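*Asks:* Dropping a structure here in structure tokens format, bear with me for questions.
The values are calculated or read from the model by the stated rules, or taken from the named source; none is laboratory data. Values in this document were obtained by computation on a predicted structure and should not be read as measured data. Neighbour counts run over all protein chains shown; Cβ positions are idealised from the backbone, glycine included. Ligands, DNA and RNA are excluded from the accessible area calculation, which covers all protein heavy atoms including side chains. Shrake-Rupley method; radii C 1.70, N 1.55, O 1.52, S 1.80 Å.
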Amino acid sequence: MFFGEHVPHEAKDGDLGSPSESRTRSRVLHMVSAEGPISAAELGRHLDLTPAAVRRHLDALVEQGAVVEHEPSAARRGRGRPARAYVVSEGGHRALEADYDSLAVEVLRYLSEHAGPQAVADFARSRVAALEERYAAELASTGTDPSARAETLVHLLSRDGFAASARPVRAGALAGVQLCQGHCPVQHAAEQFPTFCEAETDAFSRLLGVHVQRLATLAGGDHVCTTFVPAAPVTRKTLDASAVDQRTPDGGAGAAGDPAQRHTTIPNEPTKERSRS
């Protein structure tokens, strides 16, 4: 979701871990993104860097696969050899997207410090509310059966890029659906602000008409977000007396497959929240 230093550190006076060099290289990458195709000379003028410094950063970014040389069209070449120009590669764009994650965390931290943790919680609920409203309208024709609604919710989540899946499971004496999400657009923020996971879990409960239980999250270090959806309404006390484990049945070999196939049930084991949500 947001912005930060995602480019590896580079050398300055022999120091491969220099934060100053890392910041400068990040500035070069962002300038190439904003102005590319752009030459080394133009970068130097924009960023007030020496030709040697620009070349060092560009060479490192090319080696990392973050930028590539831009080949001008034949119609624009003219006479002589044109100055080499650079553009951001596909990998560089992914790095820049990851940068925004760090910016989001900085903004949320500032909001928490100056307006209080409740302000962050309010923002998380507000963010989820728009998605919940849209999903509720599409779930309206599904009926009231929680399992059927969960299947529809999986379709909606997958359509929006959450890599969702579901399968029937038993948790102790309870039957239900295990809903998995292999991607989370706010994972980085949720690692430090679990209120985002909590807001999403509460929204799932409202959308499905039952109290659901979040068992694992990407933000908590698991390989997939896992939510148990009971097939019929139950009290939270009853639900907490049963568990669905997010371990793979074969001890890990299923991790490369469908997220819904990576899980097994463990009946009558007291549930412990294994994530921050």
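*Asks:* If ligands, DNA and RNA are left out, what is the accessible area of ASP59 with a 1.4 Å probe, given in Å² to the nearest 10?
*Replies:* 80
*Asks:* Where the Cα atoms of the range 121-167 are projected onto their three principal axes, how long is each span, largest first, in whole Å?
*Replies:* 30, 22, 15
*Asks:* Can you give me the solvent accessible area of LEU58 with a 1.4 Å probe, rounded to the nearest 10 Å²?
*Replies:* 0
*Asks:* Order of 205-212, 181-188 by packing, highest average Cβ count within 10 Å first?
*Replies:* 205-212, 181-188
*Asks:* Mind giving me the nanometre distance, one decimal, between the label points for ALA163 and VAL87, set 7 Å out from Cα along Cα→Cβ?
*Replies:* The two pseudo-label positions are separated by 2.8 nm.
*Asks:* Could you size up the charge dipole of the range 157-206 around its Cα centre, putting +1 on the beta carbon of Lys and Arg and -1 on that of Asp and Glu, and report it in debye to the nearest 20?
*Replies:* Dipole of the range 157-206, to the nearest 20 debye: 320 debye.
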